[in-house]
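K.L.:
Pasting a structure below so you can have a look.
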Amino acid sequence: MPYSPGKTVLPSLSVVIPTARGGVDLATCLDSVEVQRYPDLDLIIVDNASSDRGIERLPERFPGLRLIRNEENRGFTGAANQGIEASTGELILLLNDDTVLEPGALAALVHALVSRPSWGACQAKLLLMDDPERLDTAGSFLTASCFLVHRGAFEPERRFTESDEIFAAKGAALLVRRQALEEVGAFDTDFFAYFEETDLCWRLWLAGWEVGFAADARVLHRLGSTASALPSAFVQFHSFKNRLCTVLKNLGPARLAWMLPYHLALCLALVGWYLLHRQGRVGLAILRAIAWNVARLPRTLRKRRSVQELRRVPDRVLMSLIMRPTPMRTLLAYARGIDWEDPQKPGSGEIG
C-alpha cells in the first residue's frame, strides 16, 4: 500500500535533475515532481549544455526552480555535484530527466529513509516506463567478479513489495542524507558518467551507513533515452574505467589481492571476445579503460587512503551483506554485448 504521510513533519528536500537533453521528458518529470506537493522542496535543474532553448523558461512555469547552466557537458557526475553543492535540503534526491514519479512516491521515498536511521541513501522502486508491471531494477549487489548483478531487472514488479537493504542504488532516483554526503563526499570528480552511484554507495557502506530499496516509492524510468544516443565504445570505456577505479579505492587489501586479478582477467577475456567478433572499438575501449587506471594509479591510491581512513566496517562483515554469487548470465551478457538499457538492442549499455 502506498505510503500516506498524514501529519508527519517531513524534512527539507532538494531535488537535483541533471539534463543534457531537456525537452518533453524533462517537462514531464518536473510535472510529476510538482504534483507531489512536498511541503519544503528545493528544485534544481543543471543544464549540461543542452540544445533545448525552452529550458530557460522553466523557472516561469515552475516557481522556485533554480536553473544552473553549463557551457559544456560535464557529465552526470559533474552536473550532479554542482546541484548537490547548490542544494539546501536535509535530504537530496538525484533524479534522471527521463523519470516520472507516481503520486505519493516522493513522500514514500523520504519516509523509507527517515524511518531507518541506519540508511544513508535509498533507491526508489524503478519501473519500466513502457511496461510499468516490470522492474527496471530493485537494487544491485556486488559479485566476486567485481561486476554487479541487478536484482529484479525486467522481472514482474509485484515480486518486490518489501523495503530492504541493497549494495548499490541506481542514480535514476537516488535519495541521500546530506549528513552522509558530508561524511563520505559526493561523486568522484574523475567519473564522467556510469558507476558513480555504486562508488558512492560503497563508500557509504564502508563508513557504517546502509543503502536501501524503498518498495513503496514507485518511479517510472524510460530506459535508454540517454545511453542509446551514445557510441557503445564511449559507454563501455567509462563503465570499465570507473568500475576498476571503484574497486581499487574501496576493496580491503585481502579482497583486492584476488578480486582485482580476477576482474582484470575477465576484462582481458572480454577484449579478446570483442576483437574476435569484430567489435574492435568496444574491445579497445576496455583496454583504454585499463590504461587510464594505470596512468592515474598514484591519484587513485591517494583517494584510496582517504576512503580507507573512513572505514568502519571490515570486509569480512561487509561482503556477507553486499555480495551475491556471479550468475553466468551476467558474464554471458557482456560477451554477447547485451544492452541493459534496452535488452532488445545489442551493444551500448552498462551491464554492471
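K.L.:
Run down LEU287, LEU251, LEU220 and say which single residue is of a type outside the set (Phe, Trp, Tyr), touching a Cys at 6+ places or on another chain (Cβ under 9 Å) and over 19 Å from PHE167 (Cβ atoms).
P.N.:
Just one listed residue meets the conditions, LEU287.
K.L.:
Residues that are at pLDDT 95 or above: which strands (runs of 3 or more DSSP E) entirely in region 102-204 hold 3 or more of them?
P.N.:
119-128, 131-137, 140-142, 164-166, 173-177
K.L.:
For residues in region 222-237 being farther than 30 Å from ASP31 by Cβ and surrounded by fewer than 24 Cβ atoms within 10 Å (Cβ to Cβ), which is modelled with the lowest pLDDT?
P.N.:
Here the answer is PRO231.
K.L.:
Could you tell me which of the residues VAL211, VAL219, VAL176 is crowded, with 24+ Cβ neighbours inside 10 Å and over 28 Å from VAL307 (Cβ atoms)?
P.N.:
That would be VAL219, the only listed residue that is crowded, with 24+ Cβ neighbours inside 10 Å and over 28 Å from VAL307 (Cβ atoms).
K.L.:
Name the residue that is surrounded by the most Cβ atoms within 10 Å (Cβ to Cβ), counting only residues in region 91-101 that are touching a His at 6+ places or on another chain (Cβ under 9 Å) and not in a loop (DSSP other than H, G, I, E, B).
P.N.:
Only one residue fits best here, namely THR99.
K.L.:
For region 4-22, check the following and say yes or no: at least one residue is open to solvent by 30 Å² or more (accessible area, probe 1.4 Å), part of a helix (DSSP H, G or I) and farther than 20 Å from LEU113 by Cα.
P.N.:
No; the residues of region 4-22 include none that is open to solvent by 30 Å² or more (accessible area, probe 1.4 Å), part of a helix (DSSP H, G or I) and farther than 20 Å from LEU113 by Cα.
Residue by residue, here is whether (1) open to solvent by 10 Å² or more (accessible area, probe 1.4 Å); (2) among the acidic types (Asp, Glu); (3) under 17 Å from LEU65 (Cα atoms) holds:
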site: ILE84; (1), (2), (3): yes, no, yes
site: THR88; (1), (2), (3): yes, no, yes
site: GLY104; (1), (2), (3): yes, no, no
site: LEU109; (1), (2), (3): no, no, no
site: VAL114; (1), (2), (3): yes, no, no
site: ALA121; (1), (2), (3): no, no, no
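K.L.:
Could you please find all residues in region 28-50 being surrounded by fewer than 18 Cβ atoms within 10 Å (Cβ to Cβ) and either of a type in the set (Phe, Trp, Tyr) or closer than 19 Å to PHE192 by Cβ (or both)?
P.N.:
The one that is surrounded by fewer than 18 Cβ atoms within 10 Å (Cβ to Cβ) and either of a type in the set (Phe, Trp, Tyr) or closer than 19 Å to PHE192 by Cβ (or both): ALA49.
K.L.:
Hey, PHE76 hits all of (1) outside any loop (DSSP other than H, G, I, E, B); (2) open to solvent by less than 30 Å² (accessible area, probe 1.4 Å) but one; which does it fall short on?
P.N.:
(2)
K.L.:
Please enumerate the residues belonging to region 188-222 that are of a type in the set (A, V, I, L, M) and in contact with a strand residue (DSSP E or B) (Cβ under 7 Å, 6 or more places away or on another chain).
P.N.:
Of everything in region 188-222, those that are of a type in the set (A, V, I, L, M) and in contact with a strand residue (DSSP E or B) (Cβ under 7 Å, 6 or more places away or on another chain) turn out to be LEU204, VAL211, ALA214, ALA215, ALA217, VAL219, LEU220.
K.L.:
Any chance region 53-75 includes a residue that's farther than 17 Å from LEU106 by Cβ, touching a residue at least 40 places away in the same chain (Cβ under 8 Å) and not charged (D, E, K, R)?
P.N.:
Yes, region 53-75 contains at least one residue that is farther than 17 Å from LEU106 by Cβ, touching a residue at least 40 places away in the same chain (Cβ under 8 Å) and not charged (D, E, K, R).
K.L.:
Continuing with the same structure: Just a yes or no: is a residue in region 39-61 assigned to a loop (DSSP other than H, G, I, E, B), more than 22 Å from ARG21 (Cα to Cα) and modelled with pLDDT under 95? First the steps, then the outcome.
P.N.:
Residues of region 39-61 assigned to a loop (DSSP other than H, G, I, E, B): 39-40, 49-52.
Filter once more, so that each one left must be more than 22 Å from ARG21 (Cα to Cα): 39-40.
Imposing the further condition that a residue be modelled with pLDDT under 95 reduces the set to 39-40.
Scanning region 39-61, I find at least one residue that is assigned to a loop (DSSP other than H, G, I, E, B), more than 22 Å from ARG21 (Cα to Cα) and modelled with pLDDT under 95, so the answer is yes.
K.L.:
Follow-up. Within region 24-31, can one find any residue that is closer than 24 Å to GLY120 by Cα and not in a loop (DSSP other than H, G, I, E, B)?
P.N.:
No, every residue in region 24-31 fails to be closer than 24 Å to GLY120 by Cα and not in a loop (DSSP other than H, G, I, E, B).
The values are calculated or read from the model by the stated rules, or taken from the named source; none is laboratory data. Keep in mind that what you see is a predicted model, and the values were worked out from it rather than measured. Here Cβ is always computed from backbone atoms with ideal geometry, including for glycine, and neighbour counts include all displayed protein chains. These accessible areas exclude ligands, DNA and RNA; they are computed on the full protein's heavy atoms, side chains included. Shrake-Rupley method; radii C 1.70, N 1.55, O 1.52, S 1.80 Å.
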